[in-house]
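J.: A single structure is presented below for examination.
The values are calculated or read from the model by the stated rules, or taken from the named source; none is laboratory data. The model shown is predicted, which means the values in this text are computed figures rather than measured ones. Ideal geometry is used to build each Cβ from the backbone, glycine not excepted, and the neighbour counts take in all protein chains shown. Note: areas computed on protein heavy atoms with side chains; ligands, DNA, RNA excluded. Shrake-Rupley method; radii C 1.70, N 1.55, O 1.52, S 1.80 Å.
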Amino acid sequence: MSRYQPIYDIAELCSRKELFNAVLCPGSRCAPLAIAFGRHEKIRARTFSDERSAGFIALGMAQQSGRPTILLCTSGTAVYNFSPAVAEAFFNQVPLLVFTADRPSEWIAQHDGQTIYQSEIFGKHVKKSFQLPQDYDHPDSQWAINRIVNEAINLSLQEPLGPVHINAPFREPLYPAQDELITYSEVKNIEQQKTCFDLSERHKDSLKEEWKTYHNILIVAGQHDYDNTTIAALQTFLNKHNVPVVGDIICNLHPLDNLIQHADLFLGQASADIKKSLRPDLLVTFGKSVLSKNLKSFLRNNPPKSHWHIQPSGSVADTFQTLTQVLNTTPLSFFTLLSAHSNADTFENQRQNNYSKLWEIEERRTLRTLDDFFPQPDFAELELVKEVIHALPENSNLHLANSMSVRYANFIGLVTGQKGVTVFANRGTSGIDGCTSTTVGHCLLNDKPNILITGDLAFFYDRNAFWNNYAVPNLRIVVLNNHGGVIFKMIDGPGSLPEADEYFITKQKLNAAKLCEEFGFDYLKLDIRRKVKNLLKDFMDFDGRTKILELETDTTVNKKVFDNFKQKIKNSYEL
Ligand SMILES: Cc1ncc(C[n+]2csc(CCOP(=O)(O)OP(=O)(O)O)c2C)c(N)n1
């Protein structure tokens, strides 16, 4: 039996637990695990040289499959390069099983090369960090390896989902002999059911009673996975209770009738009196982060009497500084519970209807302004984003990079009819460093069209997303190339400083043409509005080629159009 048998058996355990995708980064120290995953017939292992990109690819794969991705790298600084993706996975609640190979502990800080302090290296950004034994002779060590990996995988899948880390020290020799056959043993799979979260009957009764005492009830959804069951339960609830639901594009609730999607726009321009009238008595929230700054400041400045946050478990963020009760249950259970209950008091119902109308009026006013706004004399990024969103194929994935891309898309919004369109964005930490790699991770595990909208800095930052041997014919990228970070021009503060161009916008000269040549992608250059329809037709033709559509513009043009847009919304209040 090989000395590394307990390590090889980790692959068998992963496959028993239905972890079928491994992302491997090259190195020697990780060889025992790389071989274990690479030779296992049920595990699909793929290799990526840039660990930072590999981490995000693994994250995209986990989001797509709903199972933890196995992620492995060698010892040394390779490990630190996983950190951005690990942090994103932690805050965005995506399960990853992160293995980092290490030297045996006695060799740390002995000038032995590729050796750093790896134990617990990801700090608080993993649900837990484990250390495997470095010698396997004693049966207890073999038992411990199996037990630890069982615990780690089970933990990654408990709510809130997230990354777990296993640091694995290996002694040389690391490679099997040429003719050595790798086999896998019968391993012990310690099963753990997902914790079932529900409220006690008493708590449910008291919630139903308390619910009746409010008449300005508002629901706000943060970032949320697309989930038909939750959408259906919420729709049933809304058919019974006239409660406005506010959600950014990343909440994936666009199939709902009457979703308030444009709160960011109208709350940014509405008068204090209008905002006062929109203030809720009871705020019910679920999901993760909220994109809209205007919504956050509206709720902080117009706090509800009560704020219930629905979250099965884990620590709860008090984003609006208004939290009064945490409901450890799922949105599905909560909305199902309240659907079965109706408020008999017609007077109270009428008040709630009136409140709901106020939100609807604001939403409709904004939609009208939005419809009338285009075309503008200058063809700017916002208009292209609108065209792209309107041209999205059915059942496609829409990926939105940080930072203006996700904001532009949020201004436009998705319509109810775009049911199967699923939105993804790295909003756990809002980095620009892995948006393309995350999208590539999705592309590798589905046949759907995947459309990424990105700015130029985010795009060129993460160009190693393409530096691998896997084709992604289902990938389409729209590059909004304003040759810098236009966000810094749009927000108050940096735009007017003398240092703006150099230290904030950070002008850069590249365009995507050469990159397309290098990687063999189709390059579609958009330089004039009248080409949009034709180019988008070609772009959205999924004919087996990866395509990049680039619009090169000037930051000033985008700023001008964006300012006009905000002004138009402001003007709509004066009509
Ligand atoms: C890893 C990382 N570094 C820096 C930032 C800060 N940041 C936020 S947006 C942005 C500029 C993005 O520029 P670009 O991708 O061109 O998009 P645009 O603003 O032009 O839409 C920067 C540097 C970040 N979010 N993540």
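J.: Out of everything in region 500-515 that is without any contact (Cβ under 8 Å) to a residue 12 or more places away in the chain and within 14 Å of the ligand (Cβ to nearest atom), what residue ends up being farthest from residue 264 (Cα to Cα)?
T.: 502
J.: Which residues, counting only those in region 149-177, are farther than 15 Å from residue 70 by Cα, in contact (Cβ under 8 Å) with a residue 12 or more places away in the chain and of a type outside the set (S, T, N, Q)?
T.: Hits for region 149-177 are 159, 160, 169, 170, 171, 174, 175, 176.
J.: While we're here: Name the residues in region 24-45 that are of a type in the set (Lys, Arg), open to solvent by 20 Å² or more (accessible area, probe 1.4 Å) and touching a residue at least 40 places away in the same chain (Cβ under 8 Å), would you?
T.: 39
J.: If you don't mind, there's one more thing I want to ask. Could you check residue 432 against (1) open to solvent by 20 Å² or more (accessible area, probe 1.4 Å); (2) hydrophobic (A, V, I, L, M, F, W, C); (3) more than 27 Å from residue 91 (Cβ to Cβ); (4) modelled with pLDDT of 95 or more and say which number it fails?
T.: Residue 432 satisfies all of (1) open to solvent by 20 Å² or more (accessible area, probe 1.4 Å); (2) hydrophobic (A, V, I, L, M, F, W, C); (3) more than 27 Å from residue 91 (Cβ to Cβ); (4) modelled with pLDDT of 95 or more except (3).
J.: Select from region 129-165 the residues that are open to solvent by 10 Å² or more (accessible area, probe 1.4 Å), touching a helix residue (DSSP H, G or I) at 6+ places or on another chain (Cβ under 6 Å) and closer than 20 Å to residue 79 by Cβ and list them in ascending order.
T.: Hits for region 129-165 are 130, 133.
J.: Suppose we filter 36, 78 for residues that are among the small types (Gly, Ala, Ser) and out of contact with any Asp or Glu (no Cβ under 6 Å at 6 or more places or on another chain); which single one remains?
T.: Result: 36 is the single residue among 36, 78 that is among the small types (Gly, Ala, Ser) and out of contact with any Asp or Glu (no Cβ under 6 Å at 6 or more places or on another chain).
J.: Something else now. Considering 172, 159, 180, 151, which residue is among the acidic types (Asp, Glu) and outside any loop (DSSP other than H, G, I, E, B)?
T.: 151
J.: Any chance you could count how many residues in region 58-85 are within 16 Å of the ligand (Cβ to nearest atom), part of a helix (DSSP H, G or I) and open to solvent by less than 10 Å² (accessible area, probe 1.4 Å)?
T.: 2
J.: Then there's this: Among what's in region 410-427 and is over 20 Å from residue 59 (Cβ atoms) and among the aliphatic types (A, V, I, L, M), pick the residue that is surrounded by the fewest Cβ atoms within 10 Å (Cβ to Cβ).
T.: Step by step, filter region 410-427, then rank; the result is 415.
J.: Here are 450, 468, 481: which of them is touching an Asp or Glu at 6+ places or on another chain (Cβ under 9 Å), of a type outside the set (A, V, I, L, M, F, W, C) and more than 14 Å from residue 553 (Cα to Cα)?
T.: Going through 450, 468, 481 in turn, the sole match is 468.
J.: When only residues in region 343-386 that are more than 19 Å from residue 570 (Cα to Cα) and β-branched (Val, Ile, Thr) count, which is most open to solvent (accessible area, probe 1.4 Å)?
T.: The extreme case among them is 346.
J.: Next up: Only residues that are in contact (Cβ under 8 Å) with a residue 24 or more places away in the chain and over 30 Å from residue 157 (Cα atoms): list them for region 105-142, please.
T.: Correct list: 113, 114, 115.
J.: To continue, here is another question. Can you list the strands (runs of 3 or more DSSP E) found entirely within region 393-499 that contain at least 3 residues being within 12 Å of the ligand (Cβ to nearest atom)?
T.: It comes to 450-455, 475-481.
J.: Say we look at region 387-401 and pick out the residues that are farther than 16 Å from residue 63 by Cα and touching a helix residue (DSSP H, G or I) at 6+ places or on another chain (Cβ under 9 Å); which of these is most open to solvent (accessible area, probe 1.4 Å)?
T.: Once the filter is applied, the top-ranked residue is 390.
For (1) open to solvent by 20 Å² or more (accessible area, probe 1.4 Å); (2) among the polar types (S, T, N, Q); (3) touching a residue at least 24 places away in the same chain (Cβ under 8 Å); (4) in contact with a strand residue (DSSP E or B) (Cβ under 8 Å, 6 or more places away or on another chain), each residue gets a yes or a no:
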{"position": "245", "(1), (2), (3), (4)": "no, no, yes, yes"}
{"position": "258", "(1), (2), (3), (4)": "yes, yes, yes, yes"}
{"position": "263", "(1), (2), (3), (4)": "no, no, yes, yes"}
{"position": "267", "(1), (2), (3), (4)": "no, no, yes, no"}
{"position": "273", "(1), (2), (3), (4)": "yes, no, no, no"}
{"position": "288", "(1), (2), (3), (4)": "yes, no, yes, no"}
{"position": "298", "(1), (2), (3), (4)": "no, no, yes, no"}
{"position": "306", "(1), (2), (3), (4)": "no, yes, yes, yes"}
{"position": "309", "(1), (2), (3), (4)": "no, no, yes, yes"}
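J.: If residue 381 satisfies every condition in (1) under 20 Å from the mean Cα position of the chain (by Cα); (2) within 15 Å of the ligand (Cβ to nearest atom) but one, which is the exception?
T.: For residue 381, the exception is condition (1).
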